[in-house]
1. Helix B:16-67 against the longest principal axis of chain B: what's the angle in degrees, Cα atoms only, rounded to the nearest 10?
2. How long are the semi-axes of the equivalent ellipsoid of segment A:133-246, defined as square roots of 5 times the Cα gyration tensor eigenvalues? Whole Å, largest first.
3. For chain A, take the longest principal axis of its alpha carbons; what is the angle in degrees between that and the long axis of helix A:11-38, to the nearest 10 within 0 to 90?
4. Quantify how strongly other chains surround peptide A:164-172 by giving the mean number of their Cβ atoms within 10 Å of each of its Cβ atoms.
5. Of A:Leu206, A:Pro11, A:Ile31, whose Cα points farthest to the positive end of the dipole of chain A (charges on the beta-carbon: +1 Lys, Arg; -1 Asp, Glu; origin at the Cα centre)?
6. Taking the Cα centre as origin and putting +1 on Lys and Arg beta-carbons and -1 on Asp and Glu beta-carbons, what dipole magnitude results for segment A:81-218, to the nearest 20 debye?
7. Given Cβ point charges of +1 (Lys, Arg) and -1 (Asp, Glu) and nothing else, what value in debye, to the nearest 20, does the dipole of the protein assembly as shown about its Cα centre take?
8. Please list A:159-166, A:208-215 highest first by mean number of surrounding beta-carbon atoms within 10 Å per residue.
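No value in this document is a laboratory result; all are computed from the given coordinates. Every value quoted in this text rests on a predicted model; they were computed, and no experiment measured them. Using ideal geometry, Cβ is built from the backbone for each residue, glycine included, and neighbour counts are taken over all protein chains shown.
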Amino acid sequence: MWKWLHPYAKPEKTYSLTGKMLPWFAVLSVIALTVGTIWGFVFAPADYQQGDSFRIIYLHVPAASLSMGAYLSMAIAAFIGMVWQLKMADMAVAAIAPIGAVFTAIALFTGAVWGKPMWGAWWVWDARLTSELIQLFLYLGVIAIYGAFSDKLLAGRAAGILALVGAINLPIIHYSVEWWNTLHQKATISKLDKPSMDSDMLWPLLINLLGFGLLFGTLTLMRFRNELIIRESHRPWVKKLFIGEK
Amino acid sequence: MQFDSFSAFLAMGGYGFYVWLAVAFSVISLGGLTVATILRRRTIITEIKNKYNRIERMRAAEKMENTL
């Protein structure tokens, strides 16, 4: 039943499939981000306590959620690479790490400039902020380790181990606001009962979450394809792609 | 529309500095990553082309030596 999936284990098939997916992801992410951001920054009502400073939420929450989502997908790819020895899974790890690092940096930075007017401090060493900072270092570690080996088979394995071990940080980030007393507020939308947010504020946030997700997909596809052609550059299909038959 | 004028929009109810700093950082870092990824693709393709062209030239040179 799932046999149709099998040809996609071939790098050239994957390259052409991801090439077909890429424009859809790119266009949809631009549309979602445009709609969500304009709605959030111009049309959403101001918060009754935080005024207009709350609008940072439309960047902060999607970046933070996707920084964790990216880590989860990177860890899954690392697991697949480790267990089934799939080269392409290691390439996915290498492709995702820099994107995750940028999302984490955005989450930390937007958090800091939101924290300054609301908490009176750019930074506090509380559980949520510290565990998110550790996530940034984990991403940087994966990038550094992958770059440090010229043998990419070894590089993928070493970076994969760090990516997997670091996954323990994910539940710590998520539950940090419940396990410890933190300055950071508790979950607003990622909880099981009704979100504690007005729908006029919530919709643009959900649209931007989708937009950041699609942007993550777009960048992952682009970087994965880069990784694919450079690692396979000696293979005939890459030659055929850029030089033509001969 | 929540703002009466464009200057009110820029002011963000007095939080303009913080809000626009957050926007600037997000746009610059995501834009930078996207541009870097596109440029990297170009470099890779140029390198691959150079590599195969070099092989082609070496083969051609070898052939010439054999004929001479």
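1. Once rounded, one gets 10 degrees.
2. Numbers: eigenvalues 305, 101, 15 Å².
Values for segment A:133-246, descending: 39, 22, 9 Å.
3. In chain A, helix A:11-38 runs at an angle near 20 degrees to the longest axis.
4. For peptide A:164-172, the averaged partner shielding equals 0.
5. About the Cα centre, the residue reaching furthest to the positive side is A:Pro11.
6. Details: 8 positive and 8 negative charges, 40 e Å.
The calculation lands at about 200 debye.
7. Numbers: 29 positive and 19 negative charges, 343 e Å.
Its charge dipole is roughly 1640 debye.
8. A:208-215, A:159-166
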